[in-house]
1. Of the numbered conditions (1) modelled with pLDDT of 95 or more; (2) closer than 16 Å to Ala143 by Cα, Gln287 fails exactly one; give the number of that condition.
2. Specify which of the listed residues (Leu216, Leu200, Leu196, Leu233) is surrounded by 13 or more Cβ atoms within 10 Å (Cβ to Cβ), in contact with a helix residue (DSSP H, G or I) (Cβ under 9 Å, 6 or more places away or on another chain), under 21 Å from Ile168 (Cα atoms) and at pLDDT 90 or above.
3. State the number of residues belonging to region 120-178 that are in contact (Cβ under 8 Å) with a residue 12 or more places away in the chain, outside any helix (DSSP H, G or I) and among the aliphatic types (A, V, I, L, M).
4. Please verify whether region 201-212 includes one or more residues that are more than 24 Å from Pro157 (Cβ to Cβ), of a type in the set (Ser, Thr, Tyr) and part of a helix (DSSP H, G or I).
Amino acid sequence: MYEAKILKAELWQKGSKTNGAVGPHYFVHYKGWKQTWDEWVPEERLCKYNEEGIRKQKLLIEAQRARDAAEREAQKAENDAKMRAQGGAVGAPGPSAGGARGTGRSAKRGREGEGEDEYMKRPEVKIAIPDNLKVQLVDDWEAITKNQQLVPLPRVPNVDVILDEWLIYLQNEEEDKKRIAVEVAAGLGLYFNKALGNNLLYRFERGQYQEQFKKLQGTDKQVSSIYGGEHLLRLFVNLPELLAHTSLDPESMSVLKDNIQQFLQWMDLNRKVLFVPEYIGTSSGYQNNNRG
């Protein structure tokens, strides 16, 4: 459920619409969303914006979270079953063995002495993304998945330059803070280069990625030299889950989170420079090869 404003109202008669819909319909605009999301909705989809409506919204959110948690548990159980089946078939060590190698989460281990259940139950690390950057993420998603556009590459500034600029911004800070920031920047760059191809791209961007990746073959450069703030920002959506499964102690995790929050605030302040003002259109050939 989303907060919306009714812009128009009509009573649709039988045969007046090609989809066969009848009865009261309302043209609504969703607060905080672009006009491209405005739509006609039937009366039964509306709920008054009052205490009862807000309560229902919260219940739906909690229900969705519960479903998501159940799906994650089901996926984990499926992965565990596959790992056990593979182990039994080839005589490989089980998920709890120190030498286990596998692609499923069940093969991962936490700190020494920590069992699999404790590892999987670690709380998710929360990273607060500033509101302006949330809007950027939504606009980014809409441009690529809905409008079939792409971020123009190579980007200026690219991820390498962005991380370097952040360190320059901190040059007057205390030595300990600068040293930690250097480590954080290096870690973000490493995460980005490892995660881009597998986790940070929309399906529609795969063709573009393959073209750019070919250009890097035979060089010592990484994708962080081609991609920019749009894709770097996506990393912070996935980062909480990644950080939850590291072996950092609570104090180190707290310092890391503080640095990440400061970096996101810096990105927010410099968003007009870091993000491209317009995405580029794509040919019908590219769309046919990379759709769905």
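1. Every condition holds for Gln287 apart from (1).
2. Leu233
3. Number satisfying all stated conditions: 8.
4. No, region 201-212 contains no residue that is more than 24 Å from Pro157 (Cβ to Cβ), of a type in the set (Ser, Thr, Tyr) and part of a helix (DSSP H, G or I).
For (1) outside any helix (DSSP H, G or I); (2) modelled with pLDDT of 90 or more; (3) polar (S, T, N, Q); (4) closer than 28 Å to Lys272 by Cα, each residue gets a yes or a no:
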site	(1), (2), (3), (4)
Leu239	no, no, no, yes
Leu248	yes, no, no, no
Met253	no, no, no, no
Asn259	no, yes, yes, yes
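The values are calculated or read from the model by the stated rules, or taken from the named source; none is laboratory data. Note that this is a predicted model, so its numbers are computed, not measured. Positions of Cβ are backbone-derived with ideal geometry, glycine not excepted, and every protein chain shown enters the neighbour counts.
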